[in-house]
Protein chains: 2
Amino acid sequence: MAGPRASVAAHEVLAVIFQVRQQRLSVLLWRRARPPYEGAWVLPGGRLGATEGLDESIRRQLAQKVDVRDLTHLEQLETRGDPERHPADRTLATSYLGLVPADTDPATPEDTAWHPAPDPPPMGFDHAAIMRAGRRRLRAKLSYTNIGFALAPREFTMSELSGYYRAALGHDVAATNLRRVLLRRGQIEETGESVPSGRSGGRPAALFRFRARELEITDAFAVLRPPSRE
Amino acid sequence: MAGPRASVAAHEVLAVIFQVRQQRLSVLLWRRARPPYEGAWVLPGGRLGATEGLDESIRRQLAQKVDVRDLTHLEQLETRGDPERHPADRTLATSYLGLVPADTDPATPEDTAWHPAPDPPPMGFDHAAIMRAGRRRLRAKLSYTNIGFALAPREFTMSELSGYYRAALGHDVAATNLRRVLLRRGQIEETGESVPSGRSGGRPAALFRFRARELEITDAFAVLRPPSRE
DNA sequence: TCAAAAGTGTTCCATCTACACCCATGT
DNA sequence: ACATGGGTGTAGATGGAACACTTTTGA
């Protein structure tokens, strides 16, 4: 009945930080300075402190180590504990998905860089798989939540917003329909302002904002919804 | 720049095991024999072994401790690491969602029992919150995946199946529409057999089975789907 | 022949995509 | 004027809910 002897594994927290940069979904990676996987790129993070909560820890590490403080969204992704995932010591890793709005440019240190999420450089450990899990999560949530608020600046035109969606989803998103879908769902509203057209002319674009800046599920029960009348 | 001293927290794995029993969604709980939370109900689980993976560990503990071996589905839920979640020592917990089909009756030991998931007894630690997370996950996945296969026996009539859905979702599910939805999505198929009607008469019910017995997403892109033509 | 349970046909409705067309602005 | 980009109107497609009706059985 007694199981194997209890583990005192190290625990680390990691973050998949996405931002839309130049129309592409980008992920913040860190270059490893020492073995194992020296020279490979890894997700930012580090050891869980003795008295920290998990969320607290990843926020601290992002602030201290890669100077990312203005996350608009952060949620837990998954925990990996395969004994083989770290070649030397046993290490469990809890990963997070974090989003940075497109209009900020966090001053990240020398050894970190933004990489295209669809086509990342060689990554150490199981971090490539974790990053893919983050992308899947983001894509799924764009469909049924208001998570777009975390990718977009506070105010934006519809064509800008459709650019963020396109980058994150990996396929075209028609601004004209996106506008109606998000308006109907009550996710966005017009600010009343508009942006003067550029040098090539065109009608000035209206400015929108997300009505909430916290994650909300706006399209639950896409199917198998409860009966409308009791 | 240096963070707090690294933690050597204990790590445990827990499982939210659901089964539909007598038309109700039920969760398998364990009665704690010693403090803290002596006498309260908790999720089954235990310490992660030094050389085990997380999935491996929860499977082992369920088999050893509550004699649950025939899980049709198991997936990771979340990891909690709040320093306050365990009154004495620091303990991280990774939880899983596990499903047992309605036609099995695992022989569980004395100190465990099935409880109604919507109305559980007082639970220790943060286990009530974890259980709710499991319910939410199950409900959501019933909507867009074939996860019903894990609640239902291998073969079933549509009215039985709608009973499992009703129990898990907490609202009525019309067998007639469920049939068409799941057929259209290719989740289920007729076996060709049928069940003789009971003593009160009625047309014999056709038997169905799920076509796959692994989780598949059958209704991704409910919205914001990629353009059909390039 | 009647009640009961399963299954089918059909209508309605919500919601998304596609696309033609209209609007406001710069050159 | 006309090119350019934004915005509106609308038709079509999809897919699920509701519900009346039909089918098949037992008593």
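Less than 20 Å from a label point 7 Å out along the Cα-to-Cβ axis of B:D119: which backbone N atoms in the range B:149-179 qualify, by residue?
Counting only backbone N, you get B:163-173.
How far apart are the A:P36 label points across copies, placing each 7 Å from Cα toward Cβ, in nm, shortest first?
In nanometres, ordered from closest: 3.6.
Taking a temperature of 20 °C and a viscosity of 1.002 mPa s, what whole-number D in µm²/s does Stokes-Einstein yield for the protein assembly as shown with Rh from Kirkwood over alpha carbon pairs?
Translational D for this selection: 88 µm²/s.
Under 15 Å from the Cα of B:K141, which aspartates and glutamates turn up, not counting those fewer than eight places away in the same chain?
A:D219, B:E75, B:E214, B:E216, B:D219
Only bridges with both residues in chain A count here: give the DSSP antiparallel percent, nearest 5.
Rounded to the nearest five, the antiparallel share is 75 percent.
Reported to two decimal places, what Rg/Rh ratio describes the range B:101-157 when computed on Cα atoms with Rh from the Kirkwood expression?
My calculation of the ratio gives 1.02.
Under 20 Å from a label point 7 Å along Cα→Cβ of B:A206: give me every residue in the range B:134-155 with its amide N that close.
Hits in the range B:134-155 for B:A206 at 20 Å: B:148-149, B:152-155.
Can you compute the charge dipole magnitude of the protein assembly as shown about its Cα centre, using +1 on each Lys and Arg Cβ and -1 on each Asp and Glu Cβ, nothing else charged? Give it in debye, rounded to the nearest 20.
Taking the Cα centre of the protein assembly as shown as origin, the dipole is about 980 debye.
When you have a sec, figure out the Kirkwood radius of chain A from all distinct Cα pair distances and drop it here in Å to one decimal?
The answer is 19.4 Å.
Quick one: putting +1 on the C-beta of Lys and Arg, -1 on the C-beta of Asp and Glu, what dipole do you get for chain B around its Cα centre, in Debye to the nearest 20?
540 debye
Could you give the Stokes-Einstein D for the range B:133-204 in µm² per second, using the C-alpha Kirkwood radius, 4 °C, 1.567 mPa s?
98 µm²/s
Farthest toward the dipole's positive end in the range A:81-167, which of A:S159, A:L92, A:W114, given Cβ charges of +1 (Lys, Arg) and -1 (Asp, Glu) about the Cα centre?
The residue sitting most towards the positive pole is A:S159.
Only bridges whose two residues both fall in the range B:10-142 count here: according to DSSP, what percent of them are antiparallel, nearest 5?
Antiparallel bridges make up about 70 percent of those DSSP assigns within the range B:10-142.
Can you give me the long-range amide H partners of A:A152? Hydrogens built in the peptide plane at 1.01 Å from N, cutoff under 5 Å, separation of 5 or more residues or another chain.
For A:A152, whose amide H was placed from the backbone, the distant partners under 5 Å are A:A102.
Give me the net charge for the shell around A:T145: Cβ to Cβ below 11 angstrom, other residues only, Lys and Arg +1, Asp and Glu -1.
-1
By the scheme Lys and Arg +1, Asp and Glu -1, what is the net charge of all other residues having a beta-carbon under 11 Å from that of A:I188?
+3
Could you run the Karplus curve 6.51 cos²θ - 1.76 cosθ + 1.60 with θ = phi - 60° over the range A:195-205 and give me ³J(HN,Hα) per residue in whole Hz, x for Gly and Pro?
9, x, 6, x, 5, 8, x, x, 5, x, 8
Out of residues 5 or more away from A:T91 or on other chains, whose amide H comes under 5 Å of its own, with H placed 1.01 Å from N in the peptide plane?
A:H86
Just want to confirm a number: the relative contact order over the range B:77-178, from Cα pairs under 8 angstrom separated by 6+ residues, in percent.
24 percent
Per-residue ellipticity at 222 nm for chain A, helices alone: DSSP H runs ≥ 4 residues times -39500 (n - 2.57), over residue total, nearest 500 deg cm²/dmol?
Counting only the DSSP helices, I get -7000 deg cm²/dmol.
Would you kindly calculate the mean projected area, averaged across all directions, of the convex hull enclosing the Cα atoms of the range A:1-138, in square nanometres?
9.3 nm²
Count the DSSP beta bridges whose two residues both fall in the protein assembly as shown, then state the antiparallel fraction as a percent rounded to the nearest 5.
75 percent
Every number in this text was worked out from the coordinates using simple rules, so none of it is lab data. Bear in mind the structure is a predicted one, so any value in this text is a computation, not a measurement. When we count neighbours, we look across all protein chains shown, and the Cβ atoms used for this are built from the backbone with ideal geometry, even at glycine.
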